[in-house]
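S.K.: Okay, handing you the structure first.
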Number of protein chains: 2
Amino acid sequence: MVSERGLEVLRVIVQDYVASREPVGSKSIVERHSFGVSAATIRNDMALLEDEELIVAPHTSSGRVPTDKGYRVFVDQLADLRPLTSAQRQAIEAFLGESVDLDDVLMRTVRLLSQLTHQVALVQYPSRAVSRIRHVELVQLSSTKLMTVLITDSGGVEQRLIDISTELDEEFLTELRSRLNNTLGGLNLQDAAARLAELPTQFAPSRQPMIAAVTSALAEQVLANRHDKLLMAGTANLARTEEDFSGSIFPVLEAIEEQVTLLRLFAEMDVDVRDVSARIGRENENFALGETAVLTSGYSASGGSIARLGVLGPIRMDYPNNMAAVRAVARYLSRLLGED
Amino acid sequence: MVSERGLEVLRVIVQDYVASREPVGSKSIVERHSFGVSAATIRNDMALLEDEELIVAPHTSSGRVPTDKGYRVFVDQLADLRPLTSAQRQAIEAFLGESVDLDDVLMRTVRLLSQLTHQVALVQYPSRAVSRIRHVELVQLSSTKLMTVLITDSGGVEQRLIDISTELDEEFLTELRSRLNNTLGGLNLQDAAARLAELPTQFAPSRQPMIAAVTSALAEQVLANRHDKLLMAGTANLARTEEDFSGSIFPVLEAIEEQVTLLRLFAEMDVDVRDVSARIGRENENFALGETAVLTSGYSASGGSIARLGVLGPIRMDYPNNMAAVRAVARYLSRLLGED
DNA sequence: ATTGGCAGTCAGTTTGATCGAGTGCCAGTC
DNA sequence: GACTGGCACTCGATCAAACTGACTGCCAAT
């Protein structure tokens, strides 16, 4: 079994390796840290850590490097994250304070997070599932083109174009608009979808194809979940830490550009508003991200819906700092978007 | 002076170098292309091309590589772009055909373009400068938070959050809403801004601070130009062609993530709807993109406004193919968004 | 349980020799 | 005057051999 000191040794191996990217040897450990024992003793501890597969030696005669499992144990031991520096806190306040709308808040958030961590930052849009319809607007773009705009009380706005085969007249449009608003206003999205299905039958048969086109567009909009959208910033940081990826960063960039992958990964992770969860290395193998680590936390937006944010980077990253940053930003964002 | 055959030699040097990334020697030229002269003759031509600084030899005894100037001459000689293959044309049709709104069209466009060229693709949002206000909506999010939504007849939708110091009552909101729509509906954005400035004075003094908050938010929205927004796709392709960048791709990724840089670059380039313009290598030096080439074309959106799209990649890229793709996509997009 | 010492291993670096692609130039040919 | 064949020369790339130094594992001693 690994001793108390053994875990301490693991800790400094992770620390030093993250800082230097050099395999860490027993000698340099006793030099840089005051363990009060000799290098030979550290070697014995390291042999045990290697038995447990927490560290490995890249070649017969070299220092040790943490394994995925080693990072995992290291991270799980980080019970108490040290809080951010006051400068960092101020940066958060200053950066997010003066946002003008949801898109803007999230955009600023993702940029901020990538700056704080020097990694790729990710922010998922909050779900609209629980929000209510505030207003529906129909905008005529041409004689046969119509745009539907859906506004929800949580501040979401979404539009869609539709082609209408028949000519439109302004008068009828006005009627339809007020009819839609009367019917749908205040409903949550589930109920609205149901009502939309009934609507066409209430109009004259000649109008029905057109009404059907409008309502089906709206129904799609209502059901399309914005949850499946995310913002990203700081991809350049991947290039900065390129040496930490075995081949090229190409597969990683490719995987994160394919947002679907990330959304599935997000979906699999714990969503804890209080805490940060981590997936390290091979744990992400199914997502073509076996050489990356992902740190996420949940944040709560209006209506009690919960979405995720986090960072992605090489396995060799500064976990304490990055986890603290993710947690702090998630909390601040919850406060900003939560209930108010 | 460079002879006719000299230019032909330049052409094959660019072609072969782009294909192989190997400096091209006189011998391999006579082997792969039927010039009907000997290698020594080609060498003489190459010496002239070198005098003109169209090619250089990386080291004393190696083949030649095109200079930025060489690529420039090569590109300028590409008078007639060969059209896309029919498979490519079909891909465009299929990909863009079934889009649901402006955001969607542009998103699909940028992805398509990056797939066709295997480079980073860029699409600028069309300007709203000439569009008219279709509808203004005020959405109350909490007792002191309000969202303004601006809908234009070109299909643009934009929202903004504002904090109101005083309590809001629904009744007054309704009045303000209809007042705003009556005043602004149908106006173009310039005129609307002027009207907004007058509006607060028409209300009771007690209301004025709040009205002022709303109108100034709207005025900002009206004047904020969506022209300053662009979409990007295919950044992973930079990693694929990494060897073409002297150091790392980090500075390039950084520069393109800073969209402002690209927008300034776009602004400097010719905006020709018929044709594709190129900036190669050092021509982009001011933008920290001295190791990249940028190909752009203009496309026309509704209301006659013109925006740009294009690709960015290493200088060593397949110009004929990429220029043809940029042109084809720009034309298709013009047709899709143009006048209808 | 810890330590000092020692032999063994192996990646990384340096050195030097060799190889070969490609050039420039020149004298000769059409 | 344009083209060609031939030759000496340059210089990056490649490879093997030798060397260095950082570490480990193990063992006998404390």
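Rule-based calculations on the coordinates, nothing more; no lab input. All values derive from a computational prediction rather than experimental measurement. Neighbour counts are summed over all protein chains in view; Cβ atoms, including those assigned to glycine, are modelled from backbone coordinates with ideal geometry.
S.K.: For the protein assembly as shown, rounded, prolate or oblate, judged on the Cα gyration tensor with a ≥ b ≥ c (square roots of eigenvalues), a/c < 1.5 rounded, else prolate if a/b > b/c?
M.R.: Cα axes put the protein assembly as shown in the oblate bin.
S.K.: Please order B:Ser277, A:Ser165, B:Ser248 by the number of other Cβ within 10 Å, starting at the fewest. Let's see the in-between values first.
M.R.: Numbers: B:Ser277 18, A:Ser165 8, B:Ser248 15.
Ordered by Cβ neighbours within 10 Å, fewest first: A:Ser165, B:Ser248, B:Ser277.
S.K.: Apply 1/(1 + (r/R0)^6) to the Cβ-Cβ distance of B:Ala39 and A:Arg335, taking R0 = 45 Å, and write down the FRET efficiency to the nearest 0.05.
M.R.: Working: r = 73 Å, r/R0 = 1.63.
So, using R0 = 45 Å, E works out to roughly 0.05.
S.K.: Now for a different question. With charges set only on the Cβ (+1 for Lys and Arg, -1 for Asp and Glu), what does the dipole of the protein assembly as shown come to about its Cα centre, in debye to the nearest 20? Please list the in-between numbers first.
M.R.: Working: 68 positive and 94 negative charges, 15 e Å.
Computed charge dipole of the protein assembly as shown: roughly 60 debye.
S.K.: Label-point separation (nm) for A:Val12 and B:Gln208, each offset 7 Å from Cα along Cα-to-Cβ?
M.R.: A separation of 7.1 nm, rounded to one decimal place.
S.K.: What nm value, rounded to one decimal, do you get for the distance between A:Asn181 and B:Gln140 when each label is placed 7 Å out toward the C-beta?
M.R.: For the pair A:Asn181/B:Gln140, the computed spacing is 1.5 nm.
S.K.: If I fit a long axis through the Cα atoms of helix A:319-337 and take the longest principal axis of the Cα atoms of chain A, what angle between them do I get, 0 to 90°, rounded to 10?
M.R.: Here the helix axis deviates by roughly 20 degrees.
S.K.: Taking θ = phi - 60°, what integer Hz values does the Karplus form 6.51 cos²θ - 1.76 cosθ + 1.60 yield along region A:263-280, in sequence order, with x for Gly and Pro?
M.R.: 5, 5, 4, 3, 4, 7, 8, 3, 10, 10, 6, 7, 10, 9, 10, 10, 10, 10
S.K.: Separate question: Take the Cβ-Cβ distance between B:Leu78 and A:Gln90 as r, set R0 to 35 Å, and report the resulting FRET efficiency rounded to the nearest 0.05.
M.R.: 0.05
S.K.: A follow-up question, please. Give, rounded to the nearest 20 debye, the magnitude of the charge dipole that region A:83-232 has about its Cα centre when Lys and Arg contribute +1 at Cβ and Asp and Glu contribute -1 at Cβ. Each step should come with its number before you reach the end.
M.R.: Values: 14 positive and 18 negative charges, 97 e Å.
Value, rounded to 20: 460 debye.
S.K.: So, in nm, how far is label A:Arg195 from label A:Val56 when the simple model puts each one 7 Å beyond its Cα toward the Cβ?
M.R.: 6.0
S.K.: At B:Ile306, label 7 Å along Cα→Cβ: distances to the other copies, nm, ascending?
M.R.: Label-point distances to the other copies, shortest first: 5.3 nm.
S.K.: Round to a whole angstrom and tell me the spacing of the C-alpha centers of region B:105-126 and region B:22-40.
M.R.: Using only Cα atoms, the two centres lie 38 Å from each other.
S.K.: Mind checking which of A:Ile42, A:Ile92, A:Ile55 has the largest fluctuation in a GNM of chain A, springs on alpha carbons under 10 Å?
M.R.: Highest fluctuation among the options: A:Ile42.
S.K.: Step through the residues of region B:281-295 one at a time and calculate ³J(HN,Hα) from phi using the Karplus curve (6.51 cos²θ - 1.76 cosθ + 1.60, θ = phi - 60°), rounding each to whole Hz and writing x for Gly and Pro.
M.R.: x, 4, 4, 9, 4, 4, 9, 6, 10, x, 9, 10, 10, 10, 10
S.K.: What angle, in degrees between 0 and 90 and rounded to the nearest 10, separates the Cα long axis of helix A:102-117 from the longest principal axis of the Cα atoms of chain A?
M.R.: Between helix and principal axis, roughly 10 degrees.
S.K.: Sticking with this structure for a sec: Within region B:216-271, list the trypsin sites (Lys or Arg not before Pro) lying in a DSSP loop whose Cβ has at most 16 other Cβ atoms in a 10 Å radius. Write out the running numbers ahead of the final one.
M.R.: Working: sites: B:Arg226, B:Lys229, B:Arg240, B:Arg264; in loops: B:Lys229.
Those that pass, being in a loop and sparsely packed, are B:Lys229.
S.K.: If you rank B:Glu254, B:Glu22 by fewest surrounding Cβ atoms within 10 Å, what's the result?
M.R.: Working: B:Glu254 17, B:Glu22 12.
Fewest-to-most Cβ neighbours within 10 Å comes out as B:Glu22, B:Glu254.
S.K.: Follow-up. With charges only on Cβ, +1 for K and R and -1 for D and E, what is the dipole size of chain A about its Cα centre, in debye, rounded to 20?
M.R.: Numbers: 34 positive and 47 negative charges, 105 e Å.
The calculation lands at about 500 debye.
S.K.: If you don't mind, another one. Using a label point 7 angstrom from Cα along Cα-to-C-beta, what distances in nm, from shortest up, separate B:Ala19 from the other copies?
M.R.: Shortest to longest, the spacings are 5.4 nm.
S.K.: I've got another one for you. Picking from B:Met323, B:Met269, B:Met147, which is most flexible by a Gaussian network model of chain B using Cα springs under 10 Å?
M.R.: Of B:Met323, B:Met269, B:Met147, the most mobile in the Gaussian network model is B:Met147.
S.K.: Here's a follow-up. Defining a contact as two alpha carbons under 8 Å apart and six or more residues distant in sequence, what relative contact order in percent does chain A show? Walk me through the numbers on the way to the answer.
M.R.: Working: 549 pairs, mean separation 60.6, N = 340.
Computed over chain A, the figure is 18 percent.
S.K.: Given a Förster distance of 22 Å, report the FRET efficiency between B:Arg264 and B:Asp244 from their Cβ-Cβ distance, rounded to the nearest 0.05.
M.R.: On the way: r = 24 Å, r/R0 = 1.07.
Efficiency at R0 = 22 Å is approximately 0.40.
S.K.: Find every distance from the label point of A:Glu31 to the corresponding label point in the other copies (7 Å from Cα along Cα→Cβ) and write them in nm, one decimal, shortest first.
M.R.: Result for A:Glu31, in nm, nearest copy first: 5.1.
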